[in-house]
Amino acid sequence: MASTEEIRSGLAEIVNEITGVPADDVQMEKSFTDDLDIDSLSMIEVVVAAEEKFGVKIPEDEVQNLATVSDAVSYIEKAGS
Amino acid sequence: MTGSITGPTTLRPSRILGLGGYRPSRVITNDEIIQNIDSSDEWIRTRSGIERRRWATDEETVVAMSVSAAGKALADAGIRPEQVDCVIVSTVTHLYQTPAAAVEIAHKLGTGHAAAFDISAACAGFCYGLSLASDMVRGGTARHVVVIGVERLSDLTDPYDRSTAFLFADGAGAVVVGPADSEDEQGIGPVVWGSEGEHQTLITQREEWRDAMFGPDGPRMPHLIMEGNPVFRWASYEMAKVARQALDAAGVSVEELDVFAPHQANMRITDAMANALMLPDRVAIARDIAQQGNTSAASIPLALERMLETGDATSGDLALVIGFGAGLVYAAQVIRMP
């Protein structure tokens, strides 16, 4: 299982690829909407790519609870363990 | 048993012979839409790619728009109305339960007594109709079939619903399906289609007509409602898989493809599907939605018409078309451009 930092940096790569936001900006405390300016449709694209990359399932109802990068990283950690 | 029934025993090749569209006269800008909803031109453009759309006037009825589009398709095909054996109309906005719009359209086109009926397959309706028409020609049931996708979605759009008010629009698109010269020139690939009724509440009407008329909040129109995010996810990823299956069924690789014309639901869905399909840069992608909005069953033929006009597509090109929408329903096939 990937470490917390590996998940964060993997997620950062995905965010960069889909939205063009620099990967270095994707830090744990950042809010997807307010800090990284990621809209709901891009968020779905990020989630689908993360599901593939980390081999986890992130249901539609959960996506709205993933406000920050840290929320997403911990969800992926838990779902993958 | 006293007798036997005879009928055709061989398949005949089919193809699209001609294409035509009708774009309504009223251009509606995003600035007009946001007078009723808490939104902005920029929000609409970034979330949907829509810059403007067209809404029909009272005179631009489902029948009138269809007759115009189908007349153009017949002229493009070089087929006289009396040579038409069947008219198939896909629409969810012909507001009579009966008779079918197709019957009046067939009559006004001058087809004589061609068979005529409507189908209800929402935004997949054009591809559903195309599949039926192709099989009719292949099976010998009809020689020439007119397939029309037509909508006046503005009639069923809630102008105060910020998730759909900017999205839906009106128009008609038509093709003539008829015989190809040889099996090598088969111009309509096998359909890959289906329905997922377990998701029927994702895009639907707020209530049925009886409740809309006589319920406590009535009388009012039973407007369309949609859960955008799950639909986006389904359309972008699940539909890319269906599109790939349609390529496989036709024996066409992405390298051989010239045109990708998905239902014009949302530019972001088109982009996500194109990415998932890993289309080579040389494949021209339909982006009619920017000017036209989401016209449901009409969107694919309208998009193809624009691509032929602009030179993004030419006659003989191989195009992947896929429709998907309320139901949920979907259908995809590879076609050769007329």
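The values are calculated or read from the model by the stated rules, or taken from the named source; none is laboratory data. Because the structure is a prediction, the values reported are computed rather than measured. In this analysis, Cβ positions are derived from the backbone assuming ideal geometry, glycine residues included, and neighbour counts consider all displayed protein chains. Keep in mind that these areas ignore ligands, DNA and RNA; they rest on the heavy atoms of the full protein, side chains included. Shrake-Rupley method; radii C 1.70, N 1.55, O 1.52, S 1.80 Å.
Within the shell defined by Cβ-Cβ distances under 13 Å, the residues around B:Leu318 carry a net charge of -2, with Lys and Arg each +1 and Asp and Glu each -1.
Computed with a 1.4 Å probe on the full set of protein chains, the accessible area for B:Phe117 sits at about 70 Å². With a 1.4 angstrom probe, the accessible area lost at the B-A interface totals about 1000 Å². Backbone geometry of the stretch B:192-209 corresponds, through the Karplus equation with coefficients 6.51, -1.76 and 1.60 at θ = phi - 60°, to 3J(HN,Hα) couplings of 10, 9, x, 9, 10, x, 5, 10, 5, 7, 5, 9, 7, 9, 4, 7, 7, 4 Hz, x marking Gly and Pro. Of the listed residues B:Trp209, B:Trp234, the order by accessible area with a 1.4 Å probe, largest first, is B:Trp209, B:Trp234.
Could you identify which residue out of B:Val84, B:Val27, B:Val146 has the top mean-square fluctuation in a GNM of chain B using Cα springs shorter than 10 Å? Result for chain B, Cα springs under 10 Å: B:Val27 fluctuates most. Say we join alpha carbon atoms closer than 10 Å with springs in a Gaussian network model of chain B; which of B:Met65, B:Met267, B:Met213 then has the biggest fluctuation? Top of the fluctuation ranking is B:Met213. Once you order the gyration tensor axes a ≥ b ≥ c over the Cα atoms, which shape class does the stretch B:14-185 get: rounded for a/c under 1.5, otherwise prolate or oblate by comparing a/b with b/c? Note, shape of the stretch B:14-185 comes out prolate. Would you mind telling me which residue in B:Tyr160, B:Tyr96, B:Tyr237 has the biggest mean-square fluctuation in a Gaussian network model of chain B, where springs connect alpha carbons within a distance under 10 angstrom? Ranking B:Tyr160, B:Tyr96, B:Tyr237 by mean-square fluctuation puts B:Tyr96 first.
Calculated mean residue ellipticity, 222 nm, the protein assembly as shown: -10500 deg cm²/dmol, from DSSP H runs (n ≥ 4) at -39500 (n - 2.57) each, averaged per residue and rounded to 500. In the protein assembly as shown, the portion of solvent-accessible area held by carbon and sulfur atoms comes to 48 percent [1.4 Å probe, whole percent, DNA, RNA and ligands not counted].
The residues of chain B expose, per residue, 42 Å² of accessible area to a 1.4 Å probe. Evaluating 6.51 cos²θ - 1.76 cosθ + 1.60 at θ = phi - 60° for every residue in the stretch B:23-32, the Karplus couplings come out as 10, x, 7, 8, 8, 10, 7, 4, 4, 5 Hz, glycine and proline recorded as x. Among the lysines of the protein assembly as shown, pairs that are 8 or more positions apart or on different chains and have alpha carbons within less than 24 Å of each other number 8.
Compared with its chain on its own, the stretch A:23-55 contains the following residues whose accessible area drops by 50 Å² or more in the full protein assembly (probe 1.4 Å; ligands, DNA and RNA excluded): A:Asp39, A:Leu41, A:Ile44, A:Glu45, A:Val48.
Going from the isolated chain to the complete set of protein chains, the stretch B:229-247 loses at least 30 Å² of heavy-atom accessible area (1.4 Å probe) at B:Asn229, B:Phe232, B:Arg233, B:Tyr237.
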